[in-house]
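The values are calculated or read from the model by the stated rules, or taken from the named source; none is laboratory data. These figures come from a predicted structure and were not determined experimentally. Cβ coordinates were reconstructed from backbone atoms using ideal geometry, including for glycine residues, and neighbour counts include every protein chain displayed. Side chains included, ligands, DNA and RNA excluded: accessible areas come from the protein's heavy atoms. Shrake-Rupley method; radii C 1.70, N 1.55, O 1.52, S 1.80 Å.
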Amino acid sequence: MHKIAVLPGDGTGPEVIREGLKVLEAVSEKAGFKYETTEFDFGGERYKKTGEVLPDSALEDFKKFDAIYLGAVGHPDVKPGILEKGLLLKLRFALEQYINLRPVKLYPGVWTPIKDKGPEEIDFVVVRENNEGLYVGEGEFIKKGTPDEVAVQVSRNTRRGVERCLRYAFEYTRKRNKRKQLTLCGKTNVLTYAFDLWERAFNEIAEEYKDIKTDYTHVDATCMWMVKNPEWFDVIVTDNMFGDIITDLGAMIQGGMGIAAGGNLNPEGVSMFEPIGGSAPKYTGKNVINPLAAICAGGMMLEVLGEGKAADMVEKSVMKVTARMKSMSAGKMGFSTSEVGDLVVKNL
Ligand code: IPM
Ligand code: MN
């Protein structure tokens, strides 16, 4: 019995999670596994009512689950940063979800802005470090508000943190069994502390993985190649900030935020799965948002829960549905949010 914590969150989060749960229920019957869900109402609305974002007691609750299924975080009436830091980043850090796994895969029939590239060429995965770097929130203001102001923001990279991320990436590349090529994305020519550590650790660990081809690209060049020759990539591993940036670019070349899913993984603990697109408040309640990112995140969750067959069924069904949709964008799909969910269920 898999115990799943459901956190629909803000904006369109609840609408897309509803479709994800619909698919989960249908696939559980077909693949024959059992699960139970417990819903939590953390997010912007609750914060406005109670002033509470995520109490420490809730963190302890989440540790008792096998996985967390998250909709979206971000509310138009809440100052940016409060929910992002207090909820999403707090969960990622407190549950030590040190990997953010983001597949960039173009499904059949999905429009990509890259001319002459199709599903054959756009199929790679970004392994983003998820607990360190600039996201630790370390820094200071000096002489704040004066003309001499200085703002310092620290990127913290520990050998332990970098190494566990790299080791995960090597193992993942081996298992993915596509081209067995792992690319380190960094900025060794400028960030000569942080990426010196990353590069040394990468090269040392590579010695243990002789079956995996390795290479290195600077982050700016990575952006260029992702657009020009996306087929060059199999798995990319990078730090938290660069991973954040290049996976938005990745989402665009795979058809947009409506289809991009991700997993915040603690391979030894509780992982959390989410559509990476955010809460899209202007579409709330209109039944027009694309639920496929949330459905795909649910598929990733099944994989990690050990339900590989069910995960496969979900992905194959999604691929049939994308082939019939007019667009991945909200309001232009040719179907409503709930109709897309129904179609995925039907094609399982
Ligand atoms: C993401 C988001 C978050 C991040 C924000 C909401 C804090 O952009 O999941 O990529 O920067 O990691
Ligand atoms: Mn992001």
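Considering only region 318-348, state which residues are out of contact with any Pro (no Cβ under 9 Å at 6 or more places or on another chain) and among the β-branched types (Val, Ile, Thr). Can you show your working first?
Going residue by residue through region 318-348, those that are out of contact with any Pro (no Cβ under 9 Å at 6 or more places or on another chain) are 318, 321, 324-336, 339, 342-343, 345-348.
Hits for region 318-348 are VAL318, VAL321, VAL345.
Do you know which residues across region 134-148 are assigned to a helix (DSSP H, G or I) and away from ligand 2 (no atom under 16 Å from the Cβ)? Before you say what the answer is, go through the steps one by one.
First, pick out the residues of region 134-148 that are assigned to a helix (DSSP H, G or I): 134-136.
The one that is assigned to a helix (DSSP H, G or I) and away from ligand 2 (no atom under 16 Å from the Cβ): VAL136.
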* Given the structure, is TYR216 closer than 16 Å to VAL190 by Cβ, hydroxyl-bearing (Ser, Thr, Tyr) and either out of contact with any strand residue (DSSP E or B) (no Cβ under 8 Å at 6 or more places or on another chain) or in contact (Cβ under 8 Å) with a residue 12 or more places away in the chain (or both)? -> yes
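Does region 101-133 hold any residues that are of a type in the set (Lys, Arg) and in a loop (DSSP other than H, G, I, E, B), and which are they? Spell out the reasoning first.
Our first condition is that a residue be of a type in the set (Lys, Arg); within region 101-133, this holds for 102, 105, 115, 117, 128.
Of everything in region 101-133, those that are of a type in the set (Lys, Arg) and in a loop (DSSP other than H, G, I, E, B) turn out to be LYS115, LYS117.
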* Among the residues of region 50-66, is there at least one that is in contact (Cβ under 8 Å) with a residue 40 or more places away in the chain, surrounded by 15 or more Cβ atoms within 10 Å (Cβ to Cβ), in the same structural domain as PRO291 (by TED's automatic domain parsing) and hydrophobic (A, V, I, L, M, F, W, C)? -> yes
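Yes/no matrix, rows are residues, columns are (1) of a type in the set (Gly, Ala, Ser); (2) in a helix (DSSP H, G or I); (3) assigned by TED's automatic domain parsing to the domain that holds ASN266:
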position	(1), (2), (3)
GLY299	yes, yes, yes
ASP312	no, yes, yes
SER317	yes, yes, yes
LYS320	no, yes, yes
SER327	yes, no, yes
ALA330	yes, no, yes
VAL340	no, yes, yes
* To do: Answer yes if at least one residue in region 210-220 is under 20 Å from the mean Cα position of the chain (by Cα) and either buried (at least 18 other Cβ atoms within 10 Å of the Cβ) or more than 16 Å from ligand 1 (Cβ to nearest atom) (or both), and no otherwise.
  => yes
* Tell me which residues, restricted to region 130-160, are in contact (Cβ under 8 Å) with a residue 60 or more places away in the chain and out of contact with any Leu (no Cβ under 9 Å at 6 or more places or on another chain). => ASN131, GLU132, GLY133, LEU134
* Structure fact -> Within region 139-154, the residues that are open to solvent by 70 Å² or more (accessible area, probe 1.4 Å) and polar (S, T, N, Q) are GLN153
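Filter region 75-91 for residues that are in contact (Cβ under 8 Å) with a residue 12 or more places away in the chain, within 9 Å of ligand 1 (Cβ to nearest atom) and open to solvent by 10 Å² or more (accessible area, probe 1.4 Å) and give the result. Break it down stepwise before answering.
Pass one, region 75-91, residues in contact (Cβ under 8 Å) with a residue 12 or more places away in the chain: 75-78, 82-83, 85-91.
Right, trim to within 9 Å of ligand 1 (Cβ to nearest atom) and you get 83, 85, 88-89.
Within region 75-91, LYS85, LEU88, LEU89 meet the criteria.
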* Asked: Just wondering, is there one or more residues in region 296-317 that are within 16 Å of ligand 1 (Cβ to nearest atom), within 27 Å of GLY81 (Cα to Cα) and surrounded by fewer than 23 Cβ atoms within 10 Å (Cβ to Cβ)?
  -> no
* Structure fact -> Restricting attention to region 172-186, the residues that are assigned to a helix (DSSP H, G or I) and either hydroxyl-bearing (Ser, Thr, Tyr) or open to solvent by less than 70 Å² (accessible area, probe 1.4 Å) (or both) number exactly 3
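Results for (1) at pLDDT 95 or above; (2) closer than 21 Å to TRP225 by Cα, shown as yes or no for each residue.
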site	(1), (2)
PRO147	yes, no
ALA151	yes, no
ARG159	yes, no
VAL162	yes, no
ARG179	no, yes
CYS185	yes, yes
LEU197	yes, no
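Here is a yes/no grid of residues against (1) in the same structural domain as ARG174 (by TED's automatic domain parsing); (2) of a type in the set (A, V, I, L, M); (3) farther than 17 Å from TYR168 by Cβ; (4) assigned to a loop (DSSP other than H, G, I, E, B):
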| residue | (1), (2), (3), (4) |
| --- | --- |
| LEU191 | yes, yes, yes, yes |
| ARG200 | yes, no, yes, no |
| ILE205 | yes, yes, no, no |
| ASP211 | yes, no, no, yes |
| THR214 | yes, no, no, no |
| THR217 | yes, no, yes, no |
| ALA221 | yes, yes, yes, no |
| VAL227 | yes, yes, yes, no |
* **Scope region 318-348; condition within 17 Å of GLY20 (Cα to Cα), under 21 Å from the mean Cα position of the chain (by Cα) and open to solvent by 10 Å² or more (accessible area, probe 1.4 Å); matching residues** => MET319, MET328, ALA330
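Yes/no matrix, rows are residues, columns are (1) open to solvent by 20 Å² or more (accessible area, probe 1.4 Å); (2) of a type in the set (A, V, I, L, M); (3) away from ligand 1 (no atom under 11 Å from the Cβ):
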| position | (1), (2), (3) |
| --- | --- |
| ALA94 | yes, yes, yes |
| GLY109 | yes, no, yes |
| THR112 | no, no, yes |
| LYS115 | yes, no, yes |
| GLU120 | yes, no, yes |
| PHE124 | no, no, yes |
